[in-house]
Protein chains: 2
Amino acid sequence: MKQIDAKLAGTAPALAGVTAELQTVAAGATVFRQGDRSRGIFLLLAGSVRLQRVTPDGTAVTLHQVRAGETFAEASLFSDRYHCDAVAVTQSRVGRYPKAALATALRGDPESLWRFSADLAHSLQRLRSRYELKQIRSAPQRVLQFLRLRCDADGRYAAPGALMDLAAELGMSHEALYRALATLERDGSLSRANGALHLRAGGR
Amino acid sequence: MKQIDAKLAGTAPALAGVTAELQTVAAGATVFRQGDRSRGIFLLLAGSVRLQRVTPDGTAVTLHQVRAGETFAEASLFSDRYHCDAVAVTQSRVGRYPKAALATALRGDPESLWRFSADLAHSLQRLRSRYELKQIRSAPQRVLQFLRLRCDADGRYAAPGALMDLAAELGMSHEALYRALATLERDGSLSRANGALHLRAGGR
DNA sequence: CGTCACATTGATGCCTCTCAAAGCTTGTGG
DNA sequence: CCACAAGCTTTGAGAGGCATCAATGTGACG
């Protein structure tokens, strides 16, 4: 985590030629509030931000848990006000792409807008497949499908970080992940060599 | 289902001035295949389509289950070929927005492209909150949060179709949904009147 | 009045979460 | 070079909850 943080903390790539304004947000502080005039879209560089909406009965409902590296509030670009709260769960570093500048840049440069749309479409695609994975109840099956999607042509998958993080990404407890891996290995669907996972054909 | 089908079957709204080519796809037939040159994006009018990818070991992994009313393969607009298979699960009616025409229309008319992006951003937003809902294990809590998001200011929610469909949307068995509703009603979090659901403040 | 689809409730089993504890690896400092 | 700490990995035991199978009730429609 420290490495990623360090790497990202200084980096805020320009979007359609617009550079981000960096800011640090304390744990518990809000980045923006529901009803605020939208000031742009955000990139989470480090930390953790939760998007939530307060319902008529006063309860907060989480709409999205933003992970480092993701952008959020893209829709605010097309609307006048934010439709939810963004609250920093831990101290966070975010980059803000000012709305006016970004909107101008995008509307004035179809090529940039085209790429921006492409990014949105890809995000949608990725999220849809992640969503579908979550439909799978069985932990071993879910892990297996995940690996099938992520592995290279040889069926190899090198976990980018700790397996615990993988468990979080898959939406299961780390114990469940370890057990799932053990099960798959017992089945013969999978083998492991110094941290890397190796799918074997024939594992159902 | 028949009503929705009937309503949608004839309707294929123009997208950026481009009209859709309608086609009927038999159950089990493919709309497009991984590797095919992309011919446009699709709108599912009726029926059910599954997007799937065949993995190196020959297994099919479902990327997305398309529901009537949704568009799919948006990303193909930005890439040369389809990256997955689209297979009709049941006999389906789809509208295709031809790629060349759509790309031309969008690139030539920034305003259309802007609206197209807005649609993508909204889809992303909606999907994210749906994804977050699925993180909630407890059936009653999941239903409750869903209703909090979907109800009007009075806390009322009129199910658009049968409760069974709602269960499918929430990713749970219909029995679980009925039991969840019964539990919430027993708690006093909820009351029901001829099909409509009514949230009551104070239900945790 | 029979059929069909939805709604509801019961019983059972499996699976994941949670709490717990122990092995393992890595890095740090003495 | 060793000792210790911290975090990851692994396995165990128990409990709760949802899926599944099953049966019955209910309403619309012909």
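Just to be sure, is B:Ser123 within 13 Å of the chain's Cα centre (by Cα) and away from DNA strand D (no atom under 16 Å from the Cβ)?
yes
On the basis of being touching a residue at least 12 places away in the same chain (Cβ under 8 Å), under 30 Å from A:Leu170 (Cβ atoms) and buried (at least 19 other Cβ atoms within 10 Å of the Cβ), does B:Ala176 make the cut?
Considered against the rule, which asks whether it is touching a residue at least 12 places away in the same chain (Cβ under 8 Å), under 30 Å from A:Leu170 (Cβ atoms) and buried (at least 19 other Cβ atoms within 10 Å of the Cβ), B:Ala176 comes out as no.
Of all residues in the range B:46-73 being within 8 Å of another protein chain (Cβ to nearest Cβ) and part of a loop (DSSP other than H, G, I, E, B), which is farthest from B:Ala12 (Cα to Cα)?
Result: B:Asp57.
Could you list, ordered by first residue, the pairs with Cβ atoms under 6 Å in which the first is in the range B:52-79 and within 27 Å of A:Asp154 (Cα to Cα) and free of Cβ contacts under 8 Å to residues at least 24 places away in the same chain and the second is in a helix (DSSP H, G or I) and of a type in the set (Gly, Ala, Ser), at least 6 apart or interchain?
Sorted first by the residue in the range B:52-79, then by its partner, the pairs are B:Leu63/A:Ser129; B:Ala75/A:Ala121.
Out of B:Ala121, B:Ala101, B:Ala193, I need the residue that is of a type in the set (Gly, Ala, Ser), assigned by TED's automatic domain parsing to the domain that holds B:Gln23 and more than 10 Å from DNA strand C (Cβ to nearest atom). Which one?
Sole residue among the options that is of a type in the set (Gly, Ala, Ser), assigned by TED's automatic domain parsing to the domain that holds B:Gln23 and more than 10 Å from DNA strand C (Cβ to nearest atom): B:Ala101.
Within the range A:79-117, take every residue that is more than 10 Å from chain B (Cβ to nearest Cβ), touching a helix residue (DSSP H, G or I) at 6+ places or on another chain (Cβ under 8 Å) and small (Gly, Ala, Ser) and give me the one that is farthest from A:Leu170 (Cα to Cα).
Among them, the one singled out is A:Ala105.
Somewhere in the range A:35-42, is a residue part of a strand (DSSP E or B) and without any contact (Cβ under 8 Å) to a residue 60 or more places away in the chain? Lay out the reasoning, then the answer.
Initial filter on the range A:35-42 (part of a strand (DSSP E or B)): A:37, A:40-42.
With without any contact (Cβ under 8 Å) to a residue 60 or more places away in the chain added as a condition, the list becomes A:37, A:42.
Looking for residues that are part of a strand (DSSP E or B) and without any contact (Cβ under 8 Å) to a residue 60 or more places away in the chain, one finds at least one in the range A:35-42, hence yes.
Is one or more of the residues making up the range B:131-139 free of Cβ contacts under 8 Å to residues at least 40 places away in the same chain, more than 7 Å from chain A (Cβ to nearest Cβ), surrounded by fewer than 19 Cβ atoms within 10 Å (Cβ to Cβ) and more than 16 Å from DNA strand C (Cβ to nearest atom)?
Within the range B:131-139 (the criterion being free of Cβ contacts under 8 Å to residues at least 40 places away in the same chain, more than 7 Å from chain A (Cβ to nearest Cβ), surrounded by fewer than 19 Cβ atoms within 10 Å (Cβ to Cβ) and more than 16 Å from DNA strand C (Cβ to nearest atom)), the answer is no, since none of the residues qualifies.
Report yes if some residue within the range A:24-41 is buried (at least 17 other Cβ atoms within 10 Å of the Cβ) and modelled with pLDDT under 95; otherwise report no.
Yes, the conditions are met somewhere in the range A:24-41.
Does B:Ser76 satisfy the condition of being buried (at least 18 other Cβ atoms within 10 Å of the Cβ), at pLDDT 95 or above and within 11 Å of chain A (Cβ to nearest Cβ)?
In short, yes.
Looking only at the range A:170-204, which residues are more than 10 Å from DNA strand D (Cβ to nearest atom), within 13 Å of chain B (Cβ to nearest Cβ) and assigned to a loop (DSSP other than H, G, I, E, B)?
Within the range A:170-204, A:Gly171, A:Met172, A:Gly188, A:Ser189, A:Arg200, A:Ala201, A:Gly202, A:Gly203, A:Arg204 qualify.
Filtering the range B:152-169 down to residues that are surrounded by 19 or more Cβ atoms within 10 Å (Cβ to Cβ) and more than 13 Å from DNA strand C (Cβ to nearest atom), which residue is farthest from the other protein chains (Cβ to nearest Cβ)?
B:Tyr157
The values are calculated or read from the model by the stated rules, or taken from the named source; none is laboratory data. The shown structure was predicted, so the numbers you read here are calculated from the model rather than taken from an experiment. All Cβ positions, even for glycine, are placed from backbone atoms using ideal geometry, and neighbour counts span all protein chains on display.
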